[in-house]
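Chemist: Starting off with a structure, shown below.
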Amino acid sequence: MAGGGVVSNGKEYPGNFTWRVFITCIVAATGGLIFGYDLGISGGVTSMDPFLQKFFPKVYAKESSAKPSDDQYCKFDSETLTLFTSSLYLAALASSLGASWFTRKFGRKLTMFVGGLLFFAGGLLNGFASEIWMLYAGRILLGLGIGCANQSVPIYISEVAPYKYRGALNMMFQLSITIGILAAGIINYFTAQMTSNIPGWRFSLGLAVVPALIITVGSLFLSDTPSSLIERGKLDEAKTLLVKIRGIPNVDEEFKDLMETSMAANMVKDPWRNLLRNRKYRPQLTFAILIPLFQQLTGMNVFVFYAPVLFRTLGSGSNTALLSSMITNVVNFVATFGSLFLVDKLGRRFFFIAGGVQMLACQIVMTLAIGIKFGISGNPGHISSLFSLVVIVSMCFYIAGFAYSWGPLGWLVPSEIFPLEVRSAAQSINVSVNMLATFLIAQVFTFMLCHLKFGLFIFFALCVVGMTTFIYYRLPETRGIPIEEMSRVWEQHPYWSKFVLDDHNHKPIIHDC
C-alpha cells in the first residue's frame, strides 16, 4: 500500500477494556455535543421566517419576494446572514490557541469544564437576544466554548483509551457531534412550527444550554489523564489512576514510558517553537494542518448548517427543508456509529480512502442533477418529486461517506500522532485550522453558490480527489500503535523517514523563558 502499512514489532502494554474507561470516554466525548448542536441549529434557525424578519429583514424580503423564475442560487446570498453562522468559528480559533497553554498548565479536565461554561453563557444570551449585537456576542461565547472543548476532548480520550481501542473510543467524539446535529435538526423541525407568542427560534438557540450543562457537569466527575497528571508532577495520583483504568495491578512498563515521555516534554519550555522549527515534527505537523483543512474542503459542514437553506434553494418549503435536513442528520449518526466497530480492525487509511471515493461519486451525481435542472440561469421550472428524491438520496450517501471517514478521523488521527511535549500545541493547530477553514467556507458558501452555481459541487469534488490522493500516498497506518510509540510509524515510512531520521539525534529546542 502506497502510504505505508501497519508498523510491527512494537510494545504491547497489558491491560483490560474496563467499564471505567468506557464510561470516562463517553462522558468526555459529550464535549462534541456542543459543537454538533451549533452546527445543526444554525442553518435551521436561519431558514425560519420569524428569525429572518427580526434580525435580517433584507434577507427575508429578498427570499419571500423571490419568484420561481428568479435565480434560485442567489436568494440567500447575504454577508450579514453568513456572518451570524461563521463568526463563532473565529472565536473558536482564538480560544483553541489559548487552550493549548491552559490544557498543559491545568489539565484536560478543567479545559472541558471551562468550555462548557462558556457555551452555556452563549446559549443563554442567544436565547434571550433582542438586538443583533446580542446574537453576535452569544456566538462569540459559543465559539470560545467550542474551541476549549475541541482542543481538549480528543487529546483526553486518546490519552485514556487503551491503544487497541483508541480509534473506536476517540470516534465517540464525532458520534457526539452527530448526536448534537441530529438533536438540533429535530428541535428545529418542531420549533419552526410553533405558533405561541414566544418564537420557536428562541427555543432552538436557548436550548444550547442543555448540551453545555452535560459536558460542564460531566467533567466534574472525570479524573484527568495519567499523561497530564505526570506532566504536572502528580506521579502517585497518575499511577493509581493508570492501575484503575487499565484494570490490572502491574502497569509498570506503561507508566515508565509515560514518565520518560513526560520528562522529555518538561524539558521543552516552548512547545510552539519546537513544533514549528524542529524537522522531526514536520510529518505530524503536515497532517495537523492538512487533515482539518481537507475535512472542511469536503463541503460537509456547509451542507450540515446550510442544509435547510440549500433544500429551500432546491425548491422545498421551509418545513419540508427542515425535515429533509433531519433525514440527512439521521444518516450522519448511523454511519458514524457503524464505523466505531471497524476503525480499529480495518484501519484509518481504509476509511479515509473509501469515504473519499464514496463522496466523490455522490458529488458527481448531485452536480449532474442540479446542473441539468437549474442550469446557469438558476431557474429550474417545475421541480418534480423524482428530482428531489435523487438529490436527497445522493446527499444521504455523500453524508454517510463523510460520517464514517473524514468526520471522525479528522479528530482521531491528529490527536494520536503527536508526542506529549508538543501535543497540546499541535491539537490547538488542528482545531485552529479546522475553525478557520470552517469560518472561511461558511462565510463564502452562499456567495459561491450564487456565482459558481452548480459548479460549487464540482469545486468540492475536485478537493475530494486531491485529498484522497494525498492520504493514499502520504498517510501511514496508525491503527494498533500505542500513543507513546507513535514515532515508529514515521521512522519506517518511505517518505517521512527522511525528516524524522535526519533529525533523530537533534535535541529539542529548550528555553527557560
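Chemist: Once phi is turned into ³J(HN,Hα) by the Karplus curve 6.51 cos²θ - 1.76 cosθ + 1.60 with θ = phi - 60°, what whole-Hz value does each residue of region 432-443 show in order, with x for glycine and proline?
Modeler: Once rounded to whole Hz, the list reads 5, 5, 4, 5, 5, 5, 4, 4, 5, 5, 5, 5.
Chemist: What is the distance, in nm, between label points placed 7 Å from the Cα along the Cα-to-Cβ direction at Lys234 and at Asn250?
Modeler: According to this spin-label approximation, the distance is 2.8 nm.
Chemist: If you don't mind, there's one more thing I want to ask. Which is the longest stretch in the chain that no exposed loop site breaks, taking sites as GluC sites (Glu not before Pro) with a DSSP loop state and at most 12 other Cβ atoms within 10 Å?
Modeler: No qualifying site falls inside 132-513, the longest such stretch.
Chemist: Give a residue-ordered list of calculated ³J(HN,Hα) values for region 387-402 (Karplus: 6.51 cos²θ - 1.76 cosθ + 1.60, θ = phi - 60°; whole Hz; x for Gly, Pro).
Modeler: 3J(HN,Hα) across region 387-402, in whole Hz: 4, 4, 5, 4, 5, 5, 5, 4, 5, 5, 5, 4, 5, 4, x, 6.
Chemist: Provide the solvent-accessible area of Ser196, counting protein heavy atoms only and rolling a 1.4 Å probe, rounded to the nearest 10 Å².
Modeler: 60 Å²
Chemist: Please compute the net charge surrounding Asn150, taking Lys and Arg as +1 and Asp and Glu as -1 over other residues with Cβ under 13 Å from its Cβ.
Modeler: Here the charged neighbours net out to 0.
Chemist: Let's see if you can work this out: charge +1 on each Lys and Arg Cβ, -1 on each Asp and Glu Cβ, no other charges. What is the dipole magnitude of the chain about its Cα centre, in debye to the nearest 20?
Modeler: Roughly 220 debye, rounded to the nearest 20.
Chemist: I'd like the accessible area for Met259, computed on protein heavy atoms only with a 1.4 Å probe and all protein chains in place. Round to 10 Å², please.
Modeler: 50 Å²
Chemist: Excluding Lys105 itself, calculate the net charge of residues whose Cβ lies under 10 Å from the Cβ of Lys105, where each Lys or Arg counts +1 and each Asp or Glu counts -1.
Modeler: +1
Chemist: Hey, another quick one. Dipole magnitude of region 166-267 about its Cα centre, charges +1 at Lys/Arg Cβ and -1 at Asp/Glu Cβ only, in debye to the nearest 20?
Modeler: Working: 8 positive and 9 negative charges, 95 e Å.
In debye, rounded to 20, region 166-267 gives about 460.
Chemist: Then there's this: Do any of Lys62/Lys373; Lys244/Lys280; Lys109/Lys280; Lys109/Lys239 go past 27 Å between their Cα atoms, and which?
Modeler: Lys244/Lys280; Lys109/Lys280
Chemist: Could you point to the residue in Leu452, Ala238, Ser219 farthest towards the positive end of the chain's charge dipole, with +1 and -1 charges on the Cβ of Lys/Arg and Asp/Glu respectively?
Modeler: Going by the Cα projections, it comes out as Leu452.
Chemist: Same structure, new question: Please give me the summed charge of the neighbours of Trp272: other residues whose Cβ is under 13 Å from its Cβ, Lys and Arg +1, Asp and Glu -1.
Modeler: Around Trp272, the charge tally is +3.
Chemist: While we're on this one: Determine the gain in length on full extension of the stretch Thr80-Phe17; use 0.36 nm per residue of separation and subtract their C-alpha separation, reporting nm with one decimal.
Modeler: My answer for the length gained is 17.8 nm.
Chemist: Within the chain, what's the longest run with no chymotrypsin sites (Phe, Trp or Tyr not before Pro) in a DSSP loop and at most 12 other beta-carbon atoms within 10 Å? Give the range, please.
Modeler: 342-513
Chemist: Which one, Leu110, Tyr13, Ser325, projects farthest toward the positive side of the charge dipole computed for the chain from Cβ point charges (K/R +1, D/E -1)?
Modeler: Of Leu110, Tyr13, Ser325, it is Ser325.
Chemist: Estimate the FRET efficiency between Gln193 and Ser64 by the formula 1/(1 + (r/R0)^6), using the beta-carbon distance for r and 22 Å for R0, to the nearest 0.05.
Modeler: Once rounded, the FRET efficiency stands at 0.75.
The values are calculated or read from the model by the stated rules, or taken from the named source; none is laboratory data. Since this is a predicted model, take the numbers as computed values, not measurements. Neighbour counts are summed over all protein chains in view; Cβ atoms, including those assigned to glycine, are modelled from backbone coordinates with ideal geometry. To get the accessible areas, we keep the full protein, side chains included, count just its heavy atoms, and leave off ligands, DNA and RNA. Shrake-Rupley method; radii C 1.70, N 1.55, O 1.52, S 1.80 Å.
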